[in-house]
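This report concerns only the one structure given below.
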Amino acid sequence: MLVRRATDADTAAIQALYDHHKNSPEVLGLTFIASDWPLYLSAPHVSLLVAENRGHVQGFLLGFDLVNWAYVEILVVSKEARSQGAGSALLEAFEHSGGDRWVAVELCLDPDDRSLANWLDRRGYKKPDLVEWRVKLTPQWAATHHPPVDLTGTNPSASSGLGRA
Ligand SMILES: CC(C)(COP(=O)(O)OP(=O)(O)OC[C@H]1O[C@@H](n2cnc3c(N)ncnc32)[C@H](O)[C@@H]1OP(=O)(O)O)[C@@H](O)C(=O)NCCC(=O)NCCS
């Protein structure tokens, strides 16, 4: 089993794994679609890693480098490939990829999934007393929020101009 950075050729397998993940396609209003993955491949501060066995992608991790800490957005291994070390290998590869710059790596879990809490606990993860809040940036939201200064054009990652549902 090999962990490596994803390439364009992996994006269909990544979407298939994502679609089979029990909480997808809606994770608290956040949906990943096939056209997202190629963008992640070239985006700065993003890691899209795959675990591959004999040419087959068995799992993937999407993580963000947030300068002095990091966040794992998705970690999924196919049901057939679980308990063979792929999940641990993906997580460890990501944890080490920040060198000594990161002071923490964070990952969110379904609060009802105790089995995964134990899996993370065995890997040194502890639950801080924090609860995430998230706003979904819908067209309705944009219509009712007008910032005093428009910084849209100054964000290089906001240049696609393609809205999404
Ligand atoms: C969480 C998840 C990624 C773990 O993937 P995995 O590949 O099964 O993880 P591992 O194989 O590394 O670890 C599972 C167990 O198998 C054991 N294992 C590791 N290598 C092994 C091997 N070669 N042979 C047998 N068992 C092995 C590990 O010791 C581990 O047991 P432990 O937790 O008691 O230490 C996977 O269960 C998953 O995709 N879950 C659904 C998605 C999800 O909820 N993700 C997290 C939030 S984004």
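Of all the numbered requirements in (1) within 19 Å of residue 125 (Cβ to Cβ); (2) of a type in the set (A, V, I, L, M); (3) out of contact with any strand residue (DSSP E or B) (no Cβ under 6 Å at 6 or more places or on another chain); (4) more than 13 Å from the ligand (Cβ to nearest atom), residue 39 misses one, and that requirement is (1). Under the condition of being β-branched (Val, Ile, Thr) and over 26 Å from residue 42 (Cα atoms), which residue from the range 144-159 is modelled with the highest pLDDT? The qualifying residue modelled with the highest pLDDT is 144. The set of residues in the range 51-92 being touching a residue at least 12 places away in the same chain (Cβ under 8 Å) and part of a loop (DSSP other than H, G, I, E, B) consists of 66, 67, 68, 69, 78, 84, 85. Among the numbered conditions (1) at pLDDT below 95; (2) among the small types (Gly, Ala, Ser); (3) touching a Ser or Thr at 6+ places or on another chain (Cβ under 8 Å); (4) under 26 Å from residue 124 (Cα atoms), the only one that residue 97 does not meet is (1). Do we find that residue 26 is at pLDDT 95 or above and of a type in the set (D, E, K, R) in this structure? Spelling it out, it is not the case that residue 26 is at pLDDT 95 or above and of a type in the set (D, E, K, R). Before we move on, is residue 59 more than 14 Å from residue 13 (Cα to Cα) and of a type outside the set (D, E, K, R)? It is false that residue 59 is more than 14 Å from residue 13 (Cα to Cα) and of a type outside the set (D, E, K, R). Taking residues in the range 134-149 that are in a helix (DSSP H, G or I), and partners anywhere that are among the basic types (Lys, Arg) and modelled with pLDDT of 85 or more, not one pair has Cβ atoms closer than 8 Å while being at least 6 places apart or on different chains.
The values are calculated or read from the model by the stated rules, or taken from the named source; none is laboratory data. On a predicted model such as this, the values are computed, not experimentally measured, just so you know. We place every Cβ from the backbone using ideal geometry, glycine too, and count neighbours over all the protein chains shown.
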